[in-house]
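Since the structure comes first, as structure tokens, the remarks are kept for the end.
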Amino acid sequence: MTAECRLYLITPPAIDDLAAFGRLLAEALDAGDVAALQIRLKDVPDTVIEAAVHALSPIAQARGVAVILNDRPDLAAKLGCDGVHVGQDDAGCAEARRVMGPKAMVGVTCHDSRHLAMEAAEAGADYVAFGAFFPTDTKDASTRAEPEILSIWQEFMEVPCVAIGGIAADNAADLAAAGADFLAVSAGVWKHADGPAAGVKALNAAIAEGLARR
């Protein structure tokens with residue numbers, strides 16, 4: 001089992017003011033370790049996604065944070081994102097890889113299924129995402145995963161795994177301890193009572209606690 005687990009930040013479901021959010025993002029990324037930022041904006045015109053990528057990518061990439069676009073390999077490639085994340089109902093992993101090229105990151109939602117995860121790994125995914133582990137208002141989660149799936153995955157597979165779904169500072173340590181390589185968090189940062197920067201700090205502390213238990 002690897003001895004590393006890092007924060008994978010996901011944008012809120014809607015961003016009303018890109019300039020104001022950009023300032024919050026910078027503060028959050030400066031507050032602690034963040035591996036990646038997924039720009040996840042559902043059911044909006046392409047122009048809105050493009051504007052978000054143009055505004056947020058420089059903030060993240062200047063800090064060594066990879067920018068992942070949700071759902072859209074075509075836009076991710078066009079806009080110079082570091083990678084794309086696709087769900088089971090989106091473009092398949094192989095198609096995403098074809099569009100993005102060999103050097104980009106491709107992540108795949110695998111719900112609570114090791115079978116789907118193994119298929120994604122065999123198709124060349126750079127990471128697989130399991131969840132939801134906890135109740136979440138960020139998206140409609142049709143499946144519930146248990147921490148055991150992370151431990152089993154780590155035991156037998158080398159492709160990194162991401163835990164997602166309702167993760168916050170008060171429950172992150174158990175998932176880090178179970179074997180998650182990354183914890184994908186949205187509301188746990190953006191809706192943190194003391195602000196996003198405090199959310200990042202709290203999650204990094206929880207990750208450290210979980211890693212100490214591996």
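The values are calculated or read from the model by the stated rules, or taken from the named source; none is laboratory data. Note that this is a predicted model, so its numbers are computed, not measured. Counting neighbours? That spans all protein chains shown, and the Cβs are built from the backbone with ideal geometry, glycine included.
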statement: Counting only residues in the stretch 1-30 that are assigned to a loop (DSSP other than H, G, I, E, B) and in contact with a Leu (Cβ under 8 Å, 6 or more places away or on another chain), the one modelled with the lowest pLDDT is identified as Ala3
statement: Among residues of the stretch 1-30 being of a type in the set (A, V, I, L, M), out of contact with any helix residue (DSSP H, G or I) (no Cβ under 7 Å at 6 or more places or on another chain) and surrounded by fewer than 17 Cβ atoms within 10 Å (Cβ to Cβ), the residue nearest to Cys161 (Cα to Cα) is Ala14
field: Residues of the stretch 84-113 classified as surrounded by fewer than 19 Cβ atoms within 10 Å (Cβ to Cβ) and hydroxyl-bearing (Ser, Thr, Tyr), total
entry: 1
- prompt: Does Val106 fit the bill of being outside any loop (DSSP other than H, G, I, E, B), at pLDDT 95 or above and within 14 Å of the chain's Cα centre (by Cα)?
  reply: yes
Residue count, the stretch 31-65 (criterion: surrounded by fewer than 18 Cβ atoms within 10 Å (Cβ to Cβ) and not in a loop (DSSP other than H, G, I, E, B)): 9
message: With the structure loaded, tell me whether Gly199 is farther than 21 Å from Val86 by Cα, surrounded by 23 or more Cβ atoms within 10 Å (Cβ to Cβ) and either in contact with a Pro (Cβ under 8 Å, 6 or more places away or on another chain) or not acidic (Asp, Glu) (or both) or whether it fails that test.
response: yes
message: What's the total number of residues in the stretch 158-196 that are more than 23 Å from Asp126 (Cα to Cα) and surrounded by 24 or more Cβ atoms within 10 Å (Cβ to Cβ)?
response: 2
- line: Flagged pairs (Cβ under 6 angstrom, 6 or more apart or on separate chains; first in the stretch 1-30, polar (S, T, N, Q); second outside any helix (DSSP H, G or I)) are Thr11/Ile39; Thr11/Arg40
- prompt: Does any residue of the stretch 71-94 turn out to be closer than 22 Å to Lys201 by Cβ and part of a loop (DSSP other than H, G, I, E, B)?
  reply: no
